[in-house]
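Chemist: First the structure, which I've put down as structure tokens, then a few questions once you've had a look.
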Amino acid sequence: MKNLIIFGSPGSGKGTQAELIAKKYHLTHLSSGEILRQAVGSGSDLGREIQAYQAQGELVPDKLIIQIFQEHLASLNRQDFILDGYPRTLAQASDLDEFLKDNPITAVLNLQLPEEEAIQRILLRGQSSGRSDDNAEVVRNRFGVYRAQTLPLLEYYRKQDKVIDIDGRPAIEEIFEKISEQLDRLTS
């Protein structure tokens, strides 16, 4: 069917929407957060290195994240997928395009949400999830990193005519309905 990227700021609902999309369209959901949490949970040297970056609200270096994602993508054996939280830098996007040259990204779903609303969502999530990286200081740093390193990806994918903008403010179900309408158009 397709290979997708779900894009948006921290707290924009990427993970929630990616799970719904994966289920409806029978895609493999590759979440950078989940993959990195598994690496950290393994207690390996790589996991401890990743944890140190995350504790500061920093991105894991390109070299490490590219390696991890290439391994996961290679294991899919050409199954269709949705990437959630990857790529996050221009170097990662360029490497991904090269890696997927025979089966490229079809579309980038861009969840648009004002920064202050996203921050409030994350802080509320932190109160219930217990995630140590969902506190005000780390969240503000994550947004600084997002603006500097990840936001430029939108222009990169717009030049490829792959970006579909979606309003990330409504209820989860309404956002998913809008995404589904867009994806259904891609396949018709």
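Chemist: The conditions are (1) buried (at least 19 other Cβ atoms within 10 Å of the Cβ); (2) of a type outside the set (Lys, Arg); (3) under 20 Å from Ser9 (Cβ atoms); (4) under 16 Å from the mean Cα position of the chain (by Cα), and Ile175 fails exactly one of them. Which is it?
Modeler: Unmet for Ile175, out of (1) buried (at least 19 other Cβ atoms within 10 Å of the Cβ); (2) of a type outside the set (Lys, Arg); (3) under 20 Å from Ser9 (Cβ atoms); (4) under 16 Å from the mean Cα position of the chain (by Cα): (4).
Conditions tested, residue by residue: (1) outside any loop (DSSP other than H, G, I, E, B); (2) surrounded by 19 or more Cβ atoms within 10 Å (Cβ to Cβ); (3) at positive phi.
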site: Glu98; (1), (2), (3): yes, no, no
site: Lys101; (1), (2), (3): no, no, no
site: Pro104; (1), (2), (3): no, no, no
site: Val108; (1), (2), (3): yes, yes, no
site: Ala118; (1), (2), (3): yes, yes, no
site: Leu123; (1), (2), (3): yes, no, no
site: Gly126; (1), (2), (3): yes, no, no
site: Asp134; (1), (2), (3): no, yes, no
site: Glu137; (1), (2), (3): yes, no, no
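Chemist: Right, next: (1) in contact with a helix residue (DSSP H, G or I) (Cβ under 9 Å, 6 or more places away or on another chain); (2) of a type in the set (A, V, I, L, M, F, W, C); (3) modelled with pLDDT of 90 or more: which one isn't true of Ala18, the others all being true?
Modeler: (1)
Chemist: Give the residue, chosen from Ala22, Ala39, Ala91, that is surrounded by 15 or more Cβ atoms within 10 Å (Cβ to Cβ) and within 20 Å of Asp165 (Cα to Cα).
Modeler: Just a single option satisfies the conditions, and that option is Ala22.
Chemist: Which residues, counting only those in region 139-188, are part of a loop (DSSP other than H, G, I, E, B), within 28 Å of Ala91 (Cβ to Cβ) and of a type in the set (D, E, K, R)?
Modeler: Hits for region 139-188 are Asp161, Lys162.
Chemist: Continuing with the same structure: For Ser188, are the conditions met, namely being within 20 Å of Ile105 (Cβ to Cβ) and among the small types (Gly, Ala, Ser)?
Modeler: yes
The values are calculated or read from the model by the stated rules, or taken from the named source; none is laboratory data. If you're wondering where the values come from, they're calculated on a predicted model, not measured in any experiment. Methodologically, a virtual Cβ is constructed for each residue, glycine included, from the backbone with ideal geometry; neighbour enumeration extends over all protein chains shown.
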